Amino acid sequence: MKRFFESPVFIVFFLIFILVTYGLALWFRLLYLFWWLDMAHHFLGGAWIALAFNWCAKRFGLPFSPNVFLFAAAILGAVALAGVFWEFFEFGLNRYVINIGFLGYEDTLSDLFFDLLGGALAFLVIL
């Protein structure tokens, strides 16, 4: 089962699933109807970043594999960095394209928490 989550085919289709469902949620304004949908997308996005980072580390031979704690820190750092960049994207989207309406420090902290939670769970799956 571990190899399934590490396959590039799964990682690509997982990203497509996340992007399509997020796009549909924005298009149909489902984020207003289902309060938990944004949290689910951040959780899945954090898991995707962790799986993609793991694949890159194995594919390109990054030196994190022998030390589990260093590898966990690297994965969670990558997830946190991607989460922060996503929050900047959401801010720009909200300010200049469409009004999402979910901006505030509570939403940002919740989003980053679910990013890290998804990354941590994905790390435990690939461990």
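The values are calculated or read from the model by the stated rules, or taken from the named source; none is laboratory data. These numbers were taken from a predicted model, which means no experiment stands behind them. Reconstructed Cβ throughout: ideal geometry from the backbone, glycine too, with neighbour counts over all protein chains shown.
Filter segment 1-19 for residues that are among the aliphatic types (A, V, I, L, M) and either surrounded by 15 or more Cβ atoms within 10 Å (Cβ to Cβ) or more than 14 Å from the chain's Cα centre (by Cα) (or both) and give the result. Before you say what the answer is, go through the steps one by one.
Of the residues in segment 1-19, the ones among the aliphatic types (A, V, I, L, M) are 1, 9, 11-12, 15-16, 18-19.
Listed by number, the residues that qualify are M1, V9, I11, L15, I18.
Taking the condition of a type outside the set (K, R), surrounded by 11 or more Cβ atoms within 10 Å (Cβ to Cβ), under 22 Å from L121 (Cβ atoms) and within 17 Å of the chain's Cα centre (by Cα), does L37 pass?
yes
Residues in segment 1-48 that are closer than 24 Å to G77 by Cβ and among the β-branched types (V, I, T): how many? First the steps, then the outcome.
So the first thing to find is which residues in segment 1-48 are closer than 24 Å to G77 by Cβ, and the list is 2, 5-8, 10-12, 14-15, 18-19, 22, 38-48.
With the extra rule that they be among the β-branched types (V, I, T), the set shrinks to 11-12, 18.
Qualifying residue count, segment 1-48: 3.
Just to be sure before I move on: is F123 of a type outside the set (A, V, I, L, M) and loosely packed, with under 11 Cβ neighbours inside 10 Å in the structure I sent?
Judged against the criteria, F123 is not a match.
Show me the helices (runs of 4 or more DSSP H) entirely contained within segment 19-127 in which 2 or more residues are of a type in the set (G, A, S). Full working, then the answer.
Details: elements: 30-33, 37-60, 68-92, 105-126.
Fully inside segment 19-127 and qualifying: 37-60, 68-92, 105-126.
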(request) Just need a number here: residues in segment 72-89 that are without any contact (Cβ under 8 Å) to a residue 40 or more places away in the chain and either farther than 13 Å from G46 by Cβ or among the basic types (K, R) (or both). (result) 4
(message) Just to check your reading of the model, which residue among N67, N99 is more than 29 Å from F4 (Cβ to Cβ) and loosely packed, with under 15 Cβ neighbours inside 10 Å?
(response) N99
(message) Anything in segment 66-105 that is modelled with pLDDT under 90 and not hydrophobic (A, V, I, L, M, F, W, C)? List them, or say none.
(response) P66, N67, E90, G92, N94, R95, Y96, N99, G101, G104, Y105
(message) Any residue that is buried (at least 17 other Cβ atoms within 10 Å of the Cβ) and without any contact (Cβ under 8 Å) to a residue 12 or more places away in the chain - is there at least one of those in segment 44-51?
(response) no
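Does segment 108-125 contain any residue that is aliphatic (A, V, I, L, M) and more than 30 Å from Y32 (Cα to Cα)? Break it down stepwise before answering.
Quick first cut of segment 108-125, residues aliphatic (A, V, I, L, M) only: 109, 112, 116-117, 120-122, 124-125.
Next, from what is left, pick out any that are more than 30 Å from Y32 (Cα to Cα): 124-125.
There is at least one residue in segment 108-125 that is aliphatic (A, V, I, L, M) and more than 30 Å from Y32 (Cα to Cα).
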